[in-house]
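The values are calculated or read from the model by the stated rules, or taken from the named source; none is laboratory data. Just so it is clear, the structure is predicted and the values come from calculations on it, not from any experiment. Note: ideal-geometry Cβ built from the backbone for every residue, glycine included; neighbour counts use all protein chains shown.
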Amino acid sequence: MSEPFLIGDRMTGGYGRGADILHGCTVSVDRGEIAVIVGPNGAGKSTAMKAVFGMLNIHSGSVRLDGEDITALTPQARVAKGMAFVPQTNNIFTSMSVEENLEMGAFLRRDDISGTMDEVYHLFPILKEKRRQAAGELSGGQRQQVAVGRALMTRPSVLMLDEPTAGVSPIVMDELFDRIIEVARTGISILMVEQNARQALEIADKGYVLVQGRNAYTDTGKALLADPEVRRTFLGG
Ligand SMILES: Nc1ncnc2c1ncn2[C@@H]1O[C@H](COP(=O)(O)OP(=O)(O)OP(=O)(O)O)[C@@H](O)[C@H]1O
Ligand SMILES: [Mg+2]
């Protein structure tokens, strides 16, 4: 098997001097594919994402991007390498306008960002309409669009999303998943955490079920959805 495009490989670590949260946890995504991490609250899903993005020191294991070991890189250096991360909370600047949020996303770029901004507005037309409005005045689903749009402004090769559909209605969730699929089709790899496990696994090329910082199940999204044990334990039957 060839090396995945992005892999957090057998990661072990936690916060500061605290106890380990991740115990040999592995997550990965291939080029242009969608990988989904699910699991109970407190399983370490967000922690695994932070570890992959370099916001957490892992004391064993490694993170590799396109074959390169990036374990020692800062988050900002990872952004420069093509990674973008939308955290679970505080993922937009609420007092800034929608457009200013998108501009902030492009802070590392020195080239013309207007083309990418057009692409984001094409993906999320409502953001164009509301571009002068403070992002904090938008609905939950629209805020998540701002967060995803801001991440796309770096023109990443891999987009990491921690619960992009948190707190939105089922219709808005479907809509967001459709946009995420659209992004993946442009060749961008998606690594995301989802609380809506069933729906997320339906669009996942690969799925990870994490429990207490460990990999409990790993398979294609389809296979996990069909696994009676996974269904009974994690998908409500
Ligand atoms: N900043 C932090 N400092 C110390 N411990 C933390 C920190 N953030 C999370 N933890 C602990 O790490 C463990 C895993 O938390 P994490 O947020 O990764 O879980 P999660 O799977 O994302 O849960 P949720 O579904 O609720 O988002 C929990 O025990 C939590 O208390
Ligand atoms: Mg979380």
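So the values come out like this:
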read-out	value
Matching residues in region 92-115 - criterion: being of a type in the set (G, A, S) and either assigned to a loop (DSSP other than H, G, I, E, B) or over 18 Å from the mean Cα position of the chain (by Cα) (or both)	S95, S97, A106, S114, G115
Qualifying position, being over 30 Å from L56 (Cα atoms), crowded, with 21+ Cβ neighbours inside 10 Å and aromatic (F, W, Y), among F85, F124	F124
Criterion: aliphatic (A, V, I, L, M), within 24 Å of R185 (Cα to Cα) and under 14 Å from the mean Cα position of the chain (by Cα) - qualifying residue of A35, A80, A51	A35
Pair list, Cβ < 6 Å and 6+ apart or interchain, from region 143-165 residues that are in contact (Cβ under 8 Å) with a residue 24 or more places away in the chain and farther than 20 Å from E100 by Cβ to residues that are of a type in the set (V, I, T) and within 15 Å of ligand 2 (Cβ to nearest atom)	L161/V86; D162/V193; E163/V193
Members of region 31-58 that are out of contact with any helix residue (DSSP H, G or I) (no Cβ under 8 Å at 6 or more places or on another chain) and surrounded by 17 or more Cβ atoms within 10 Å (Cβ to Cβ)	A35, A43, G44, K45, S46, T47, A48, M49, K50, A51, V52
Among the residues listed as G67, G61, G8, the single one being within 16 Å of ligand 2 (Cβ to nearest atom) and either at positive phi or in contact with a helix residue (DSSP H, G or I) (Cβ under 8 Å, 6 or more places away or on another chain) (or both)	G8
Failed criterion for T94 (all others in (1) within 16 Å of ligand 1 (Cβ to nearest atom); (2) within 17 Å of V148 (Cα to Cα) hold)	(1)
All positions within region 15-53 that are within 15 Å of V63 (Cα to Cα) and assigned to a strand (DSSP E or B)	L22, H23, G24, C25, T26, V27, S28, V29
Residue tally, condition at pLDDT 95 or above and either small (G, A, S) or not in a loop (DSSP other than H, G, I, E, B) (or both), over region 145-166	14
Test: residue in region 16-23 that is touching a residue at least 40 places away in the same chain (Cβ under 8 Å) and either out of contact with any helix residue (DSSP H, G or I) (no Cβ under 9 Å at 6 or more places or on another chain) or away from ligand 1 (no atom under 13 Å from the Cβ) (or both)	yes
Qualifying residue in region 55-63 (condition: of a type outside the set (V, I, T), at pLDDT 95 or above, closer than 22 Å to L224 by Cα and within 15 Å of ligand 1 (Cβ to nearest atom))	no
Condition check for A77: part of a strand (DSSP E or B), more than 16 Å from ligand 2 (Cβ to nearest atom), under 22 Å from G105 (Cβ atoms) and of a type in the set (A, V, I, L, M, F, W, C)	no
First in region 28-57 and under 19 Å from A204 (Cα atoms), second anywhere and among the charged types (D, E, K, R) and away from ligand 2 (no atom under 13 Å from the Cβ), Cβ under 6 Å, 6 or more apart	E33/D205; I34/D205; A35/K206
Positions within region 189-204 being crowded, with 22+ Cβ neighbours inside 10 Å, of a type in the set (V, I, T) and more than 16 Å from ligand 2 (Cβ to nearest atom), in sequence order	I190
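Yes/no matrix, rows are residues, columns are (1) free of Cβ contacts under 8 Å to residues at least 60 places away in the same chain; (2) assigned to a loop (DSSP other than H, G, I, E, B); (3) more than 16 Å from ligand 1 (Cβ to nearest atom):
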residue	(1), (2), (3)
V168	yes, yes, no
V172	yes, no, yes
D178	yes, no, yes
G187	no, yes, yes
I190	no, no, yes
R198	yes, no, no
L201	no, no, no
A223	yes, no, yes
G236	yes, yes, no
